[in-house]
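A short write-up of the structure that comes next.
The values are calculated or read from the model by the stated rules, or taken from the named source; none is laboratory data. As the structure is a computational prediction, the values presented were derived from the model and not from experiment. Neighbour counts run over all protein chains shown; Cβ positions are idealised from the backbone, glycine included.
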Amino acid sequence: EPEVTQTPSHQVTQMGQEVILRCVPISNHLYFYWYRQILGQKVEFLVSFYNNEISEKSEIFDDQFSVERPDGSNFTLKIRSTKLEDSAMYFCASSASGSQPEAFFGQGTRLTVV
Amino acid sequence: DAKTTQPPSMDCAEGRAANLPCNHSTISGNEYVYWYRQIHSQGPQYIIHGLKNNETNEMASLIITEDRKSSTLILPHATLRDTAVYYCIVRPWNSGNTPLVFGKGTRLSVIA
């Protein structure tokens, strides 16, 4: 069964460092998303991506964040200068189309900023 | 903010049906009801969705009231592995760009 794959599963980084979280969405899916979940809190939307551009983003997704689909298969989330409060689980998701909008999530990357 | 209301927690005996309610009284005509679940800290898992007719798949059944203001997710024979947080979400149809808005969900505990 096709699945969304995220790497790494766990990343520890120092405050102020740049991190790149990687995702391989399900092949032939057209919509891509990043969500995050701070420990003990709700799953929060960060950004959606369609047709090689950002289609929606939340207030959380400020200038420190960027997304890219560099090679037609990977979908990355970059945090330029990490803060302690960026520590969270980051989930990538993809969906096939507007008429099949159910999203399939990866297992997440646990980011710990120290 | 989430447009749905769910009880914070429920218990269910293993092997019995788990019935998880959701209130979405402000749902619009073009909005579907989606259910996802999150087992421990894993990624949310899609379960089922529907517009106004009852739906069933291999995981669950979804019962939507005639006025569409509430729905119930039914796990017909709950197992310990169904212990998770269950999220009821409303979202417009044909809306790949529209994000899923997760509330706090219902924490279902299946008890042996």
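Quick look at the numbers
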item	result
A:Gly98, sole failed condition from (1) closer than 27 Å to B:Pro8 by Cα; (2) modelled with pLDDT under 95; (3) surrounded by 13 or more Cβ atoms within 10 Å (Cβ to Cβ)	(1)
Search result, residues across the stretch B:18-73 that are without any contact (Cβ under 8 Å) to a residue 12 or more places away in the chain and under 17 Å from B:Pro92 (Cβ atoms)	B:Gly29
Condition check for A:Ser94: in contact (Cβ under 8 Å) with a residue 40 or more places away in the chain, more than 8 Å from every other protein chain (Cβ to nearest Cβ), assigned to a strand (DSSP E or B) and among the polar types (S, T, N, Q)	yes
Filter result for the condition that a residue is among the hydroxyl-bearing types (Ser, Thr, Tyr) and over 12 Å from the mean Cα position of the chain (by Cα), over B:Thr72, B:Thr79	B:Thr79
Flag for A:Gln64 being over 10 Å from the mean Cα position of the chain (by Cα) and over 23 Å from B:Gln42 (Cβ atoms)	yes
Check on A:Tyr50, within 14 Å of another protein chain (Cβ to nearest Cβ) and modelled with pLDDT under 95	yes
Selection status of B:Ser41, in a loop (DSSP other than H, G, I, E, B), modelled with pLDDT under 95 and within 30 Å of A:Asn51 (Cβ to Cβ)	no
The stretch A:1-40, residues that are within 9 Å of another protein chain (Cβ to nearest Cβ) and surrounded by 12 or more Cβ atoms within 10 Å (Cβ to Cβ)	A:Val4, A:Gln6, A:Leu30, A:Tyr31, A:Tyr33, A:Tyr35, A:Gln37
Which numbered condition B:Glu66 fails, given (1) surrounded by 12 or more Cβ atoms within 10 Å (Cβ to Cβ); (2) among the charged types (D, E, K, R); (3) part of a loop (DSSP other than H, G, I, E, B)	(1)
